[in-house]
1. Select from the range 223-258 the residues that are part of a helix (DSSP H, G or I), aromatic (Phe, Trp, Tyr) and touching a Gly at 6+ places or on another chain (Cβ under 8 Å) and write down the one among them that is surrounded by the fewest Cβ atoms within 10 Å (Cβ to Cβ).
2. If I ask for residues that are over 21 Å from the mean Cα position of the chain (by Cα) and touching a residue at least 12 places away in the same chain (Cβ under 8 Å), which ones from the range 148-171 would you list?
3. Filter the range 175-188 for residues that are modelled with pLDDT under 90 and either under 15 Å from Thr247 (Cα atoms) or aliphatic (A, V, I, L, M) (or both) and give the result.
4. Condition first: outside any loop (DSSP other than H, G, I, E, B) and surrounded by fewer than 18 Cβ atoms within 10 Å (Cβ to Cβ). Now tell me which residues in the range 332-351 satisfy that.
5. Kindly provide the set of residues from the range 267-283 that are open to solvent by less than 40 Å² (accessible area, probe 1.4 Å) and either outside any loop (DSSP other than H, G, I, E, B) or among the charged types (D, E, K, R) (or both), ordered by number.
6. Looking only at the range 97-114, which residues are open to solvent by less than 20 Å² (accessible area, probe 1.4 Å) and within 18 Å of Leu243 (Cα to Cα)?
7. Select, from Lys313, Lys329, Lys306, Lys322, the only residue that is closer than 29 Å to Lys101 by Cβ, basic (Lys, Arg) and open to solvent by 30 Å² or more (accessible area, probe 1.4 Å).
Amino acid sequence: MQVYSIPSDSLPVVDPSLQSGELPFTLKDVRSAIPDSCFVPSTWRSLSYFFLDLGILAGLYALAAYLDSWWFYPIFWFAQGTMFWALFVVGHDCGHGSFSKHKWLNNLVGHLSHTPILVPFHGWRISHRTHHANTGNIETDESWYPVTESQYEQMGYVEKLARFYLPLLAYPLYLFRRSPGKQGSHFMPSSPIFKPSERNGVITSTVCLILMIGFLSVLTYQHGLLFLVKYYLMGYVGFVVWLDLVTFLHHTEDDIPWYRGDDWYFLKGALSTIDRDYGIFNPIHHDIGTHVAHHIFSNMPHYHLKTATEAIKPVLGGYYRKSSEPIWKGFFRSYLACHFVSDNGSKIYYQSPTNPQN
């Protein structure tokens, strides 16, 4: 199932006594393997990706308006949704502070990237920071963490429908209600997601979204609902599918371990993710599939992740996970196999109702 792209004779020797708890390498070991240049953002290079995405979107809109043909709209919607997703990834770098060294520029481009696709930049940035700080921890991870078997059995129909049967449309619900078992909204500064000191940032992002919704409402009033559907809503749905698909695939595998309590620590949890190959879409969505290195060092610009990944493979050895199977195949396999984890223990794996002994 998993493809490891380093030969077995180059893997580090793993002390069996360490495999049950501690990794045979430290965060410092991993960091030392990566060239320092990989951690240096280039403002102009980052901006070039941002403006390239905007330029492609502008071209798509111009072509769709010029042709105004129903045979072209499905092509437009797919391309538009894909580029909305690419724009999200640019804002994702801004949220991690890896877009540039300037906080004001990260915040500005983050809002310019995320507001048009109805993502509250600061609200998302803060909860995403929590996700990165707790990846692989069943108790404290923020998104796409497994529910326990008892939680699964107690979940209502609507929750199961959203999480397990319509997972590629779950993101807007997550923004309003978070994940199962957690309370709060990404739009409200009083939400338990945020600290009091983060109030102003959350309000700023929420106001930006209200203004964006107002703008879309004016367009709908002037041009009709069909105009909104053709030029925005269908592309937005495509973006949501991309976001949920990629996030799901990076954190949902029946051989990725999850931890509890003192058995978890940052590096061990950060390795509970997997690299994916999206083929021709890799450069379009800024190599977001290169995910393991990103989870270990989230302050690294996306355009250095491939170099960093090659550098850390010999250190991580068999702890590095990469799947080269087709994306659709990986999704449907995990969709069927990954529903919940055991109520007890640590270093546990996803199970399904039809195969509880995975």
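The values are calculated or read from the model by the stated rules, or taken from the named source; none is laboratory data. Note that the structure is a prediction, hence the values are computed from the model and not measured. No Cβ is skipped: glycine too gets one built from the backbone with ideal geometry, and neighbour counts run over all protein chains shown. Areas reflect the complete protein model, heavy atoms only, side chains present, ligands, DNA and RNA absent. Shrake-Rupley method; radii C 1.70, N 1.55, O 1.52, S 1.80 Å.
1. Tyr236
2. Selection gives Thr148, Glu149, Ser150, Gln151, Tyr152, Met155.
3. Within the range 175-188, the first condition is being modelled with pLDDT under 90, and the residues that meet it are 177-183.
Of everything in the range 175-188, those that are modelled with pLDDT under 90 and either under 15 Å from Thr247 (Cα atoms) or aliphatic (A, V, I, L, M) (or both) turn out to be Arg178, Ser179.
4. Start the filter on the range 332-351 by keeping residues that are outside any loop (DSSP other than H, G, I, E, B), which leaves 332-337, 340-341, 348, 351.
Matches in the range 332-351: Phe332, Arg333, Tyr335, Leu336.
5. Leu267, Lys268, Gly269, Ala270, Asp275, Arg276, Asn282
6. Those that are open to solvent by less than 20 Å² (accessible area, probe 1.4 Å) and within 18 Å of Leu243 (Cα to Cα): Gly110, Ser113, His114.
7. Values: Lys313 fails: open to solvent by 30 Å² or more (accessible area, probe 1.4 Å); Lys329 fails: closer than 29 Å to Lys101 by Cβ; Lys322 fails: closer than 29 Å to Lys101 by Cβ.
After applying the criteria, what remains is Lys306.
Listed here are the residues, each with its yes/no results for (1) touching a residue at least 40 places away in the same chain (Cβ under 8 Å); (2) open to solvent by 60 Å² or more (accessible area, probe 1.4 Å); (3) part of a helix (DSSP H, G or I).
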{"site": "Leu173", "(1), (2), (3)": "no, yes, yes"}
{"site": "Gly184", "(1), (2), (3)": "no, no, no"}
{"site": "Phe187", "(1), (2), (3)": "yes, no, no"}
{"site": "Pro192", "(1), (2), (3)": "no, yes, no"}
{"site": "Asn200", "(1), (2), (3)": "no, yes, yes"}
{"site": "Thr204", "(1), (2), (3)": "yes, yes, yes"}
{"site": "Val207", "(1), (2), (3)": "no, yes, yes"}
{"site": "Met212", "(1), (2), (3)": "yes, no, yes"}
{"site": "Thr220", "(1), (2), (3)": "no, no, yes"}
